[in-house]
There are 2 protein chains.
Amino acid sequence: MYQKDWREMVDEVNSFRRILVAVDGSEQSTKGLDVAISLAMKYNSSVTALYVAYVPFNETSDPNHTVYKQLLDDIDKQVRKWLVEIERKGLENNIKVETRIAETNKSIPYKIASYAESNKFDLIVIGSKGRSNIEKLYLGSVAFGVLTYASCPVLVVR
Amino acid sequence: MYQKDWREMVDEVNSFRRILVAVDGSEQSTKGLDVAISLAMKYNSSVTALYVAYVPFNETSDPNHTVYKQLLDDIDKQVRKWLVEIERKGLENNIKVETRIAETNKSIPYKIASYAESNKFDLIVIGSKGRSNIEKLYLGSVAFGVLTYASCPVLVVR
């Protein structure tokens with residue numbers, strides 16, 4: 001009886017119910033998605049794939065300016081393509097993967113971490129390097145930043 | 001049929017068969033152990049808990065010197081106590097957790113990462129801060145070092 005209760009406790013404490021996977025179209029973020037889907041199969045989790053776009057707007061910029069509108073449209077166009085692929089990959093594995101695009105004119109890793117916190121995710125999955133993929137670098141600046149800002153567990157994939 | 005094959009593929013790719021959890025007796029490393037046990041339940045993994053002791057020996061030190069012997073004995077005595085607890089916690093959850101002590105006179109995170117690599121672990125679980133537990137620090141130097149040196153995925157718990 002004691003044993004059973006204990007087991008349930010460990011299971012309860014460590015359930016990854018809400019998984020956020022940071023995606024940027026890189027090979028490593030595809031691996032991250034695979035890991036997130038695999039974990040979701042085991043833990044019955046919901047998965048959200050988040051792409052954060054850096055946009056050079058600030059408080060004084062007019063978001064309706066043609067240049068900015070064009071930039072956002074371009075990002076959307078590029079990113080939508082692989083977000084659809086991500087949703088499809090989830091469906092093929094019977095996991096509903098929601099996709100989100102967020103913008104920031106500050107720090108991408110901070111945006112990922114704060115998105116996770118405000119939406120109560122309990123795991124962030126991220127590639128160690130992402131699109132920069134600098135060979136000499138074992139831990140990219142985005143992954144490092146997410147690890148620095150996040151208040152929940154972070155799984156760094158390679 | 002296609003769907004089923006695909007699902008098996010994702011599952012295969014992301015199986016965490018051999019999990020290494022870095023332990024140092026801190027509260028965060030206890031959380032790490034819980035996460036490792038939970039994952040082992042889901043993925044049918046083997047779990048090894050590794051404690052790396054820093055010892056101020058070098059190539060010219062005589063390991064048979066009384067001072068060093070005393071130091072190693074002291075470490076062993078202190079660490080054995082909670083390694084036994086770790087094994088017990090595994091057993092209560094029907095997971096065999098092996099425990100290991102390793103020494104280094106160089107870098108603890110490097111030792112953890114190279115231990116994982118040479119023993120073909122496919123996931124390292126580590127607490128974000130460990131025993132130093134400096135409040136202002138969100139990512140401790142040991143976790144950061146392991147993330148830097150490791151060639152496999154790393155799960156940082158909080």
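The values are calculated or read from the model by the stated rules, or taken from the named source; none is laboratory data. Given the structure is predicted, the values throughout are model-derived calculations rather than measurements. In this analysis, Cβ positions are derived from the backbone assuming ideal geometry, glycine residues included, and neighbour counts consider all displayed protein chains. For accessibility, only protein heavy atoms count, side chains too; no ligands or nucleic acids. Shrake-Rupley method; radii C 1.70, N 1.55, O 1.52, S 1.80 Å.
The rows are residues; the columns are (1) farther than 25 Å from A:VAL142 by Cβ; (2) within 13 Å of chain A (Cβ to nearest Cβ); (3) in contact with a Pro (Cβ under 8 Å, 6 or more places away or on another chain); (4) in contact (Cβ under 8 Å) with a residue 12 or more places away in the chain.
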{"position": "B:LYS106", "(1), (2), (3), (4)": "yes, no, no, no"}
{"position": "B:PRO109", "(1), (2), (3), (4)": "no, yes, no, yes"}
{"position": "B:ALA113", "(1), (2), (3), (4)": "no, yes, no, yes"}
{"position": "B:VAL156", "(1), (2), (3), (4)": "no, yes, yes, yes"}
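Is the range B:58-77 home to any residue that is open to solvent by less than 80 Å² (accessible area, probe 1.4 Å), of a type in the set (D, E, K, R) and assigned to a helix (DSSP H, G or I)? For the range B:58-77, residues open to solvent by less than 80 Å² (accessible area, probe 1.4 Å), of a type in the set (D, E, K, R) and assigned to a helix (DSSP H, G or I): present.
Output the residue which, of all residues in the range B:2-29 that are open to solvent by 60 Å² or more (accessible area, probe 1.4 Å) and within 22 Å of A:ARG17 (Cα to Cα), is modelled with the highest pLDDT.
Step one: list which residues in the range B:2-29 are open to solvent by 60 Å² or more (accessible area, probe 1.4 Å), which gives B:2-5, B:7-9, B:12-13, B:17-18, B:27.
Checking the rest, the ones that are also within 22 Å of A:ARG17 (Cα to Cα) come to B:7-8, B:12-13, B:17.
On the way: B:ARG7: 55, B:GLU8: 55, B:GLU12: 59, B:VAL13: 58, B:ARG17: 95.
Within the range B:2-29, the match that is modelled with the highest pLDDT is B:ARG17.
Which of the residues belonging to the range B:28-44 are over 13 Å from B:GLU92 (Cβ atoms) and in contact (Cβ under 8 Å) with a residue 60 or more places away in the chain? Once the filter is applied, which keeps residues that are over 13 Å from B:GLU92 (Cβ atoms) and in contact (Cβ under 8 Å) with a residue 60 or more places away in the chain, the range B:28-44 yields B:GLN28, B:SER29, B:LYS31, B:GLY32, B:VAL35, B:ALA36, B:LEU39.
Restricting attention to the range B:42-55, the residues being touching a helix residue (DSSP H, G or I) at 6+ places or on another chain (Cβ under 8 Å) and either of a type outside the set (Gly, Ala, Ser) or modelled with pLDDT under 95 (or both) number 9.
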